[in-house]
Amino acid sequence: MAAMFCARRLLRLARPALPLPPARGYADPAGGPAAMAFTFASPTQVFYDGANVKQVDVPTLTGSFGILASHVPTLQVLRPGVVTVHAEDGTATKYFVSSGSVTVHADSTVQVLAEEAVTMDMLDLATAKSNLEKAVSEMAAASDEAAKAEAQIKVEANEALVKALE
């Protein structure tokens, strides 16, 4: 036992001292462009094409977040929900998206590419609730896994749509 204690002590003494990490401080202010070039499109329509906007709020599979100029670069998958675009003059425009992707680049360019996107004023709450009920019944009646999966997607999209309109 004493021999093991001595061996450990000798190993500690023989090991060179590790350098201490540098002291951490506050982050430096983000550099880069003060404006954000924003592109937002679906297969059938281009809503913004390189427009300067103040902020964009997006719903993603990992949670909703806001994007400002000089945002950290990221690539996210959109979930059904509301994309809110805040213009430089302070006005906000809301769009419902079914799915898609959002890409934020280091140069403050942002692209939102949606499978389907419409302005909120084009949607009707009563129709959305009716479609949700229909999707729930389709899911209950689904006989195989593929039909259940398709019905589940319809249910999730319609639930998000009803929530956005209420």
So what does the Cα-only Debye profile of segment 108-149 read at q = 0.22, 0.33 Å⁻¹, as log10 I(q)/I(0), no solvent term? -0.85, -1.03
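Could you tally the net charge around residue 165, taking each other residue with its Cβ under 12 Å from the Cβ of residue 165, Lys/Arg +1 and Asp/Glu -1? If you can, show how the numbers build up before the last one.
Values: positive: 94, 129, 163; negative: 121, 124, 159, 166.
Residues close to residue 165 contribute a combined charge of -1.
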Under 12 Å, Cβ to Cβ, from residue 129 - net charge with Lys/Arg +1 and Asp/Glu -1: -2
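What size of dipole, in debye to the nearest 20, comes out for segment 111-155 about its Cα centre when the only charges are +1 on Lys and Arg C-beta atoms and -1 on Asp and Glu C-beta atoms? Don't jump to the answer; show the numbers that get you there.
Details: 4 positive and 9 negative charges, 29 e Å.
So the magnitude is around 140 debye.
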Collect residues whose amide H, placed 1.01 Å from N in the peptide plane, falls under 5 Å from the amide H of residue 53; neighbours closer than 5 in sequence don't count. 36, 38
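Net charge near residue 38: determine it from the other residues with C-beta under 11 Å of the C-beta of residue 38, scoring Lys and Arg +1 and Asp and Glu -1. Mind dumping the intermediate values first?
Values: positive: 54; negative: 49, 88.
Net local charge, residue 38 excluded: -1.
Per residue, how much space in cubic angstrom lies within the convex hull of the C-alpha atoms of segment 21-166? Intermediate results must be reported in sequence, preceding the final value.
Details: hull volume 22.9 nm³, N = 146.
In segment 21-166, the Cα convex hull volume per residue is 157 Å³.
A short reminder: the numbers here are calculations on the coordinates, not readings from a lab. All figures in this text were calculated on a predicted structure; none of them were measured in a lab. When we count neighbours, we look across all protein chains shown, and the Cβ atoms used for this are built from the backbone with ideal geometry, even at glycine.
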